[in-house]
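Data first, discussion second: the structure below is written as structure tokens.
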Ligand code: AMP
């Protein structure tokens, strides 16, 4: 019988303990900054009804067409077992909007400023920077009070501020506007007229995008498609004067905030729900998968999902991409222990576990080696765990009712009394 060796599913990865400090650094800074900007955390399920994603991202988007990870589930619905169509979330905007509507947040506040951190799932072809399970941090600001260019600028500046505070400087912010639904319609008509005579020059993907999602042709990476697109005049003539004015205001606030950006007419984003401002942040060291994050305004989505007619704006940043872009800078040292206990024989071990328990109850991080290995090997372990202090207990120490306390950074040691199992002096010394 051959024994199968299991490994992580393709496109996913384990995040091992030595990598965790990097993740925790990013996550804790992010939470702090989200709070600074007045956003509150929301946690929604990792899967939702497939139809929610199809309706929000657009049936014709690449994600819904090709990348949804569907769950086959035969679940009890009421008393009957029914097959329900569920998918792992490919992004979180749809879920947050679903929750906003379901929980009637519009009745509770004029503007819901929500943030999330968590795993997303897409059945993509894995490559560097492109995974099937990846992690995003993001925000959605939703509500009747949210129809202002100040909020677009706030959300964009938050994304930039986050990246800078993780230590990233080599990135570029690109912005554009799609205008409102009518402007978008005009724009897509214009694009179809311009692209029709060039259709045969486009890649097969773009040929099918022509009908179902013409905007996506603009950011196709294929060389031939880029060449065709570069010949189209992309000015903002499709915009109404109100939409143009709105975009002016967003840019003005960004200028006032001294945020550098580049207006990129080709930037359209592939999802149906965007209106007005769209933006993307790319990292210069990332190769082909260079998007660190993206977002924009989506004034129609809440209503399209049967909610109230309220505007919204948000973004998502990819955490794996941030870590890749940080390179060496992403390495964060693991925290060491306050103390490690070296017990040299069985009676010493019995005493050692009592001390260990006492240390932990006093919030002193500590550990022990239960194996009674040699002094040398236990000291090696203490070093590996970066223990600041080591408590050594052997036959002599027990006889004298003391322990040896070694300060690892100063290479000093002292005897400390544990007479009548009174550990208070020891605790004080370690806490120092
Ligand atoms: P999107 O919703 O596709 O604009 O994704 C927002 C951000 O999430 C991207 O800019 C990437 O940083 C990250 N991201 C999206 N898809 C993946 C993926 N398959 N693997 C890793 N990161 C991803």
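Over the range 208-359, the hull volume per residue, using the convex hull of the C-alpha atoms, is 281 Å³. One quarter of the convex hull surface built on the alpha carbon atoms of the range 6-164 amounts to 12.5 nm², the projected area averaged over directions.
Distance from the Cα centre of the range 114-160 to that of the range 366-402, in angstrom? That distance is 48 Å.
A Gaussian network model of the chain, with springs between Cα atoms under 10 Å, assigns the largest mean-square fluctuation among 346, 24, 226 to 346. Across the range 322-432, Cα pairs under 8 Å and at least six residues apart give a relative contact order of 26 percent. Within the chain, the ratio Rg/Rh, alpha carbon atoms throughout and Rh by Kirkwood, equals 1.12. On C-alpha positions alone, give me the angle between the axis of helix 375-384 and the longest principal axis of the chain, in degrees, nearest 10. Between helix and principal axis, roughly 30 degrees. The share of C-alpha pairs in the range 313-432 whose separation exceeds 25 Å stands at 32 percent.
Over the residues of the range 87-168, compute the C-alpha Rg and express it relative to 2.2 N^0.38 Å.
Values: Rg = 15.1 Å, N = 82, 2.2 N^0.38 = 11.7 Å.
Here the Cα radius of gyration is 1.28 times the empirical estimate.
Extension gain for residue 262-residue 432 works out to 55.9 nm (0.36 nm per residue, less the C-alpha to C-alpha distance). On a 0 to 90 degree scale, rounded to 10, what angle separates helix 20-36 from the longest Cα axis of the chain? Here the helix axis deviates by roughly 60 degrees. Could you compute the FRET efficiency for residue 192 and residue 130, with r as their C-beta to C-beta distance and R0 at 30 Å, rounded to 0.05? Working from the Cβ atoms, E equals 0.50.
Here the relative contact order of the chain, from alpha carbon pairs under 8 Å that lie six or more residues apart, stands at 15 percent. The coefficient of translational diffusion for the range 256-309, derived via Stokes-Einstein from the alpha carbon Kirkwood radius under 25 °C and 0.890 mPa s, stands at 186 µm²/s.
Extent along the principal axes, Cα only, for the range 182-259: 44, 26, 20 Å, with the longest axis given first.
Order of 187-197, 349-359 by packing, highest average Cβ count within 10 Å first?
349-359, 187-197
Protection proxy ranking of 338-344, 89-95, 237-243, by the mean of other Cβ atoms within 10 Å over each peptide's residues and highest first, is 338-344, 89-95, 237-243. The C-alpha atoms of the chain define a longest principal axis, and helix 149-165 lies at about 40 degrees to it.
Every number in this text was worked out from the coordinates using simple rules, so none of it is lab data. Predicted, not measured: the structure shown is a model, and the values here were computed from it. Methodologically, a virtual Cβ is constructed for each residue, glycine included, from the backbone with ideal geometry; neighbour enumeration extends over all protein chains shown.
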